[in-house]
1. Between exposed trypsin sites (Lys or Arg not before Pro) in the chain, where DSSP calls loop and at most 16 other Cβ atoms lie within 10 Å, what's the longest gap?
2. Expressed in nm², what is the orientationally averaged projection area of the convex hull enclosing the Cα positions of region 148-194?
3. Antiparallel as a % of all DSSP beta bridges within the chain, to the nearest 5?
4. Taking a 1.4 Å probe, which of 96, 63 shows the most accessible area, and what order do the others take after it?
5. For region 105-159, what class follows from the C-alpha gyration tensor (a ≥ b ≥ c being the square roots of its eigenvalues): rounded when a/c is under 1.5, otherwise prolate if a/b is larger than b/c, else oblate?
6. Two decimals is fine: what is log10 I(q)/I(0) at q = 0.11, 0.20, 0.25 Å⁻¹ for region 22-103, from a Debye sum with one equal scatterer on every Cα and no solvent?
7. At 20 °C and a viscosity of 1.002 mPa s, what translational diffusion coefficient does Stokes-Einstein give for the chain, taking Rh as the Kirkwood radius over Cα pairs? Give it in µm²/s as a whole number.
8. Taking a probe of 1.4 Å, how large is the accessible area per residue of the chain, in Å²?
Amino acid sequence: IDLGFRFTSTSPMMFGSISLKISSGQHVAVVGASGSGKSTFMNLVAGLHTPTVGTILYGGKPWLDWDDSILRSALSYVSQDIHLFSASLEDNITLWDTSFTSEDVMSALDSVDLLNELGGAACLKMPIHEAGSNLSGGQRQRVQIARSVLRKQNILLMDEATSSLDDFTEKKILDSLKKLDITLITSAHRLYSAQISDHVIVF
């Protein structure tokens, strides 16, 4: 599937008209003040909201015409809300999908600079407490990002997904994600994401 899309919409909730195209493999940064509509935009792209006017296209085809399972297998969304379970770290990343190996999980953890920080291969069996209470905010965010990296989906949407990270760690993760053959759309307040992007959308 060509995972570029064109989106035109008029939303009375947040913003006026938007018309843009994102090509497969590009990194796009979405920036703007709080409340300007960045999260609404990300939710529209992810198919979590339906535009009041206009159409979102994937490969020239309206996303509503695609089989939902195809889009879900191609797109991963990391939101500001963090959802972790009382289970092992490995289970929290694989979500009990046994098709992934321990090596796959370690590679995903390494891509978000978390593998060595949590003690190497042994951390896969580390128990995660309710809502990830035994992890820091930044570690919880990186577990969520690792879930998406593991699945190697073609589009990765990250809505303020690095807000709890320090500048240095955020740079390492974004640089790592840039090396993947994916379309990356990030919403953030920090400058670095915009600096390394192919395009910047300002709300």
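The values are calculated or read from the model by the stated rules, or taken from the named source; none is laboratory data. None of these values were measured; they are calculated from a predicted model. Cβ atoms come from the backbone with ideal geometry, glycine included; neighbour counts cover every protein chain shown. Please note that ligands, DNA and RNA were not included when accessible areas were found on the heavy atoms of the full protein model with its side chains. Shrake-Rupley method; radii C 1.70, N 1.55, O 1.52, S 1.80 Å.
1. On the way: sites that count: 152, 179.
Counting only loop sites that pass the neighbour cut-off, the longest clear stretch is 1-151.
2. Dividing the Cα hull surface by four gives the mean projection, 3.1 nm².
3. 40
4. 96, 63
5. oblate
6. Those come out to -0.45, -1.12, -1.30, one per q.
7. Working: Rh = 17.5 Å.
It diffuses with D of about 122 µm²/s by this estimate.
8. Numbers: 9650 Å² over 203 residues.
The answer is 48 Å² per residue.
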